[in-house]
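The values are calculated or read from the model by the stated rules, or taken from the named source; none is laboratory data. From a predicted model like this one, the values you see are computed outputs, not experimental measurements. Backbone-built Cβ (ideal geometry, glycine too); neighbour counts: all protein chains shown. Ligands, DNA and RNA are stripped out before the accessible areas are found, and what is left, the full protein with its side chains, is counted by its heavy atoms. Shrake-Rupley method; radii C 1.70, N 1.55, O 1.52, S 1.80 Å.
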Amino acid sequence: MFTFVKNHWKKLAFISLPVGWGTNYLWTEHQITSHMQEVCRNLPPTSSKIPQRALVVINPVANDKSCEKTFRKYCEPILHLAGYSVEILKTKEIGHAKSLIESLPNLPDVLVIAGGDGTSSEVVTGLLRRKDDPCPILLLPLGERNETVSAFLPTDSKKKVAYVKCLSSCVLSLLQDRLRYRNVLKYEVLPDENDPEPHRPIYGLQKFSWGLLRDIEAKKDKYWYFGALRHHAAAVATAFTSEMSNSIKANVTCTPPCAGCTKCAETKTHTQRVFKKLFASKPTAPMAATVVNETCGQKEEHTVEAKQMDIGWKQNAQTFAELNTEIIETIEAGIDFVTHIKKKMEPSLLLKSRTIELQPKEFDMATYTIDGEEYDARAVKITLLPNRIKSYS
């Protein structure tokens with residue numbers, strides 16, 4: 001054996017590559033098949049004799065056009081076995097999901113979102129623009145960016161077995177009725193002299209991002225040929241150019257965080273309805289109309305000049321949600337900036353609020369993102385809506 005290996009080591013080295021890849025592929029497929037069989041054998045029993053309707057909104061071009069194939073292979077069979085009537089709607093362009101949901105004559109029992117953060121934001125916007133109560137949603141991490149799902153479930157699409165287990169876990173949350181209420185961010189474009197007409201609001205589940213770091217994040221896909229270093233390549237292409245001097249100058253108006261009172265009773269009323277359904281047999285807390293908070297609605301004005309601005313929500317120590325606005329005022333160009341581009345930078349200023357208004361004065365960044373989707377930079381009001389939508393997770 002030693003003599004054979006010594007005489008034919010080049011051939012063996014060449015053959016070992018496809019053999020190793022094939023062995024790994026077969027073992028991966030075996031693990032996935034075993035997992036799917038186990039999931040299908042142990043599906044929870046359904047209590048309803050009438051098939052429930054699941055409407056699936058798919059972005060067919062998401063994740064390099066593999067979104068639909070992945071859904072049909074790993075998610076749809078579980079829904080059929082559980083007795084769901086599955087109907088699929090495919091989006092055709094940006095913004096199509098909003099119009100699809102708004103035009104539905106009746107909402108389904110559950111709305112399945114098969115896509116990334118952009119598709120999720122569009123579907124939630126369409127749901128909350130309707131006049132009737134929104135139906136529950138199920139988020140499936142089938143897009144390139146899945147921050148909405150990864151906030152409560154690890155989603156590593158590079159490891160196929162773990163990724164399939166994540167998808168099946170998401171579907172099982174529906175079958176096991178693991179329902180939770182999620183906070184929503186409402187975005188309202190403020191009228192100005194050039195465009196006084198009111199615009200319909202946009203809703204998001206994650207965050208608002210505007211500035212230099214966001215532009216680098218958006219640019220990194222142009223450097224796909226650098227592989228895992230494409231984010232660093234985008235940072236290099238920006239760090240030593242005039243783009244590093246770009247900044248945002250804006251007037252920021254905030255109202256302090258509030259758990260619900262007479263001044264923000266509209267938001268709290270929905271929250272009370274939620275808790276009334278969850279704890280119908282328990283004494284209910286005082287309604288928002290009877291709670292007085294003198295500081296609610298008081299406006300704090302700031303003038304900021306920053307390189308980056310990120311706005312999201314967090315649960316505070318008093319167990320209610322609040323908006324966190326992280327502002328980075330300066331970013332130094334150099335090797336350290338490029339090396340640590342993936343690490344979260346500490347903000348220079350942190351504002352906590354219930355609502356925030358941004359009035360841009362001067363800015364070099366022409367677009368900002370809402371849940372990863374680009375919009376033209378305009379004056380906007382962002383409001384936190386607690387427990388506004390039901391989601392399985």
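Below, the figures for the structure above:
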{"read-out": "Hits in the range 79-138 - residues which are among the basic types (Lys, Arg) and crowded, with 17+ Cβ neighbours inside 10 Å", "value": "Lys98"}
{"read-out": "Residue that is modelled with the lowest pLDDT, among those in the range 320-340 that are more than 16 Å from Ser209 (Cα to Cα) and under 22 Å from the mean Cα position of the chain (by Cα)", "value": "Phe320"}
{"read-out": "Matching option when the condition is at pLDDT 80 or above, open to solvent by 20 Å² or more (accessible area, probe 1.4 Å) and in contact with an Asp or Glu (Cβ under 8 Å, 6 or more places away or on another chain), among Ala237, Ala218, Ala228", "value": "Ala218"}
{"read-out": "From Leu350, Leu358, residue being open to solvent by 50 Å² or more (accessible area, probe 1.4 Å) and closer than 26 Å to Arg182 by Cα", "value": "Leu350"}
{"read-out": "Number of the condition not met by Tyr368 [criteria: (1) within 22 Å of Met244 (Cβ to Cβ); (2) in contact with a Phe, Trp or Tyr (Cβ under 9 Å, 6 or more places away or on another chain); (3) of a type outside the set (A, V, I, L, M); (4) open to solvent by 20 Å² or more (accessible area, probe 1.4 Å)]", "value": "(4)"}
{"read-out": "Residue list for the range 311-330, filter: surrounded by 19 or more Cβ atoms within 10 Å (Cβ to Cβ) and over 17 Å from Thr383 (Cβ atoms)", "value": "Glu326, Ile327"}
{"read-out": "Single residue of the range 315-371 satisfying the filter (in contact with a strand residue (DSSP E or B) (Cβ under 7 Å, 6 or more places away or on another chain) and among the hydroxyl-bearing types (Ser, Thr, Tyr)) that is nearest to Ile94 (Cα to Cα)", "value": "Thr369"}
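Let's see how each residue does on (1) over 30 Å from Glu332 (Cβ atoms); (2) part of a loop (DSSP other than H, G, I, E, B):
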site: Leu128; (1), (2): yes, no
site: Leu167; (1), (2): yes, no
site: Asp177; (1), (2): yes, yes
site: Asn183; (1), (2): yes, no
site: Glu188; (1), (2): yes, no
site: Asn194; (1), (2): yes, yes
site: Trp210; (1), (2): no, no
